[in-house]
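Visitor: One structure, pasted below without further comment.
The values are calculated or read from the model by the stated rules, or taken from the named source; none is laboratory data. Everything numeric here is computed off the predicted structure, so don't read it as measured data. Counting neighbours? That spans all protein chains shown, and the Cβs are built from the backbone with ideal geometry, glycine included.
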Amino acid sequence: MTVVVSGIGLVSSLGNRRSTWQRVLAGESGLRLIQPFAELPSRPLGLWRSQPSVLEAALGEGIQEAVEDAGLALPLRSLGVVIGSSRSYQGAWEQFAEAFQRRSHAPGGAAWLASLPQSVAIAAARQVGSQGPVFSPMAACATGAWAIAQGMMLIESGQCEQVLAGAIDMPITPLTLTGFQRMGALATETSRPFDRDRDGLALGEGAAFLVLERAAIARQRGAKIYGRVLGAGLTADAHHVSAPDPHRAGAKAAVEQCLRRSGLTSAAIHYIHAHGTGTRLNDQQEADLIQTLFPFGPAVSSTKGATGHTLGASGALGAAFCLLALGHQELPPCTGLQTPNFDLNLVRTRQPATGEYCLSFSFGFGGQNAVLAFGAGD
């Protein structure tokens, strides 16, 4: 059964779907050297608005854009919903903790219940009026890719004909910034994926939502098709809480699973949207992985220098960029890259797409590996 994407909703530091895509293609960055929390030093951050955003607002705008882009009308009673988040309502939890310390009492029950991790997917289901299956995956920075893979499986298994899948994270909070700072993972000036002088990641707010459909249904209603979801590879390293397996066995297995399940060879892939965080370790190991498994030299880029690292949402943004590249036949550049550190076919400026198959890589803490394959619409 063929699964296609008929709608995309995007929220990032560069705007909505249209403005984000145009600005990413132009090599623009939404990162600014700022700090909304007085107790912390300034860092490059990708804010959706001028201050850290409320999750519900970005969730609502992104889903509305995806549904409208797909040409669907609410309510969508039988729509499946798979929306994940690695941080969920952490910003609200930090505010609850601060209020508790000041006033010595816990937040009200309704406020606490509405901020549990699964509440993001439940809020999405309410917005679209869904009475179908609702899932809320959490897989660190691979969350968005896992959500799209699970949405594809719901359609392939016959449980749904249409699914809203994606992820959201609004991770710019004191705790998240402090945690990454203590790890030594934060960039000081900007994000430079695969660059010789890269020194860390830059956090960004963002979300991406895809409307997945059984191809026959999309064609029957005359929907535009961005591309096909061909397969997924999902593995875990079982190695360390934050560091990847130095041998990259889990990541390699995810790529090989994805290619096999998609009926593709490595030579068929013309573009890879890399995880590309801009950290010393991730970029080195990801470059080694690509050089080993893709000797034919597909085009490679990471868009995190443009949007920032949106953590759990990053895999969904990567999927959206792959589909936009297929739909518009243009490849986005590796924003922030000045002096390449690796022998990869890195996209330096926007360029025409030359093939019909691409991959999106997501590698998260705890060794969560997710790879998605997409093909041009048929």
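Visitor: Quick one: in the stretch 44-94, of everything that is among the hydroxyl-bearing types (Ser, Thr, Tyr) and under 18 Å from the mean Cα position of the chain (by Cα), which residue is nearest to Gly166 (Cα to Cα)? Walk me through how you get there before you give the answer.
Guide: Of all residues in the stretch 44-94, those among the hydroxyl-bearing types (Ser, Thr, Tyr) come to 50, 53, 78, 85-86, 88-89.
Then keep just the ones that are under 18 Å from the mean Cα position of the chain (by Cα); that gives 53, 85-86, 88-89.
On the way: Ser53: 18, Ser85: 9, Ser86: 12, Ser88: 13, Tyr89: 16 Å.
Per the criteria, the residue is Ser85.
Visitor: Could you pull out the residue among Ala223, Ala215, Ala238, Ala232 that is buried (at least 18 other Cβ atoms within 10 Å of the Cβ) and under 28 Å from Pro171 (Cβ atoms)?
Guide: Working: Ala223 fails: under 28 Å from Pro171 (Cβ atoms); Ala215 fails: under 28 Å from Pro171 (Cβ atoms); Ala238 fails: buried (at least 18 other Cβ atoms within 10 Å of the Cβ).
When all the criteria are applied, what remains is Ala232.
Visitor: Does Arg43 meet the test of being touching a strand residue (DSSP E or B) at 6+ places or on another chain (Cβ under 9 Å) and without any contact (Cβ under 8 Å) to a residue 40 or more places away in the chain?
Guide: Values: touching a strand residue (DSSP E or B) at 6+ places or on another chain (Cβ under 9 Å): yes; without any contact (Cβ under 8 Å) to a residue 40 or more places away in the chain: no.
It is false that Arg43 is touching a strand residue (DSSP E or B) at 6+ places or on another chain (Cβ under 9 Å) and without any contact (Cβ under 8 Å) to a residue 40 or more places away in the chain.
Visitor: Considering the stretch 241-274 alone, what residues qualify as being β-branched (Val, Ile, Thr) and touching a strand residue (DSSP E or B) at 6+ places or on another chain (Cβ under 8 Å)? Break it down stepwise before answering.
Guide: Step one: filter the stretch 241-274 for residues β-branched (Val, Ile, Thr), giving 241, 255, 265, 269, 272.
Val255, Ile269, Ile272 - these are the residues of the stretch 241-274 that are β-branched (Val, Ile, Thr) and touching a strand residue (DSSP E or B) at 6+ places or on another chain (Cβ under 8 Å).
Visitor: Consider the stretch 253-275. How many of its residues are over 19 Å from Phe194 (Cβ atoms) and assigned to a helix (DSSP H, G or I)?
Guide: Restricting attention to the stretch 253-275, the residues satisfying the condition of being over 19 Å from Phe194 (Cβ atoms) are 253-254, 256-268.
Within this subset, residues satisfying the condition of being assigned to a helix (DSSP H, G or I) are 253-254, 256-262, 266-268.
The total comes to 12.
Visitor: I would also like to ask the following. From the list Arg196, Arg182, exactly one residue is surrounded by fewer than 23 Cβ atoms within 10 Å (Cβ to Cβ) and over 30 Å from Arg49 (Cβ atoms). Which is it? Working first, answer last.
Guide: On the way: Arg182 fails: over 30 Å from Arg49 (Cβ atoms).
None of the other options fit; the residue is Arg196.
Visitor: Let me ask something else about it. Could you check how many residues of the stretch 339-353 are farther than 12 Å from Ile272 by Cβ and either β-branched (Val, Ile, Thr) or part of a strand (DSSP E or B) (or both)? Full working, then the answer.
Guide: Narrowing the stretch 339-353 to residues farther than 12 Å from Ile272 by Cβ: 339-343, 348-353.
Still in the list and also either β-branched (Val, Ile, Thr) or part of a strand (DSSP E or B) (or both): 339-340, 349, 351-352.
Selection size over the stretch 339-353: 5.
Visitor: Which condition from (1) out of contact with any Gly (no Cβ under 8 Å at 6 or more places or on another chain); (2) surrounded by fewer than 19 Cβ atoms within 10 Å (Cβ to Cβ); (3) within 28 Å of Trp21 (Cα to Cα) is the one that His247 breaks?
Guide: Unmet for His247, out of (1) out of contact with any Gly (no Cβ under 8 Å at 6 or more places or on another chain); (2) surrounded by fewer than 19 Cβ atoms within 10 Å (Cβ to Cβ); (3) within 28 Å of Trp21 (Cα to Cα): (3).
Visitor: Restricting to the stretch 11-36, name every residue that is touching a Leu at 6+ places or on another chain (Cβ under 7 Å), touching a residue at least 24 places away in the same chain (Cβ under 8 Å) and farther than 19 Å from Cys334 by Cβ.
Guide: Across the stretch 11-36, the qualifying residues are Asn16, Arg17.
Visitor: Please pick out the residue among Gly336, Gly327 that is among the small types (Gly, Ala, Ser) and not in a helix (DSSP H, G or I).
Guide: Values: Gly327 fails: not in a helix (DSSP H, G or I).
Only one candidate qualifies: Gly336.
Visitor: Out of Asp343, Asp283, Asp288, I need the residue that is out of contact with any His (no Cβ under 8 Å at 6 or more places or on another chain), surrounded by 18 or more Cβ atoms within 10 Å (Cβ to Cβ) and among the acidic types (Asp, Glu). Which one? Give the derivation first.
Guide: Working: Asp343 fails: surrounded by 18 or more Cβ atoms within 10 Å (Cβ to Cβ); Asp288 fails: surrounded by 18 or more Cβ atoms within 10 Å (Cβ to Cβ).
None of the other options fit; the residue is Asp283.
Visitor: So in the stretch 357-368, with the set limited to residues that are at pLDDT 95 or above and either under 11 Å from Tyr271 (Cβ atoms) or of a type outside the set (Phe, Trp, Tyr) (or both), which one is surrounded by the most Cβ atoms within 10 Å (Cβ to Cβ)?
Guide: Ser362
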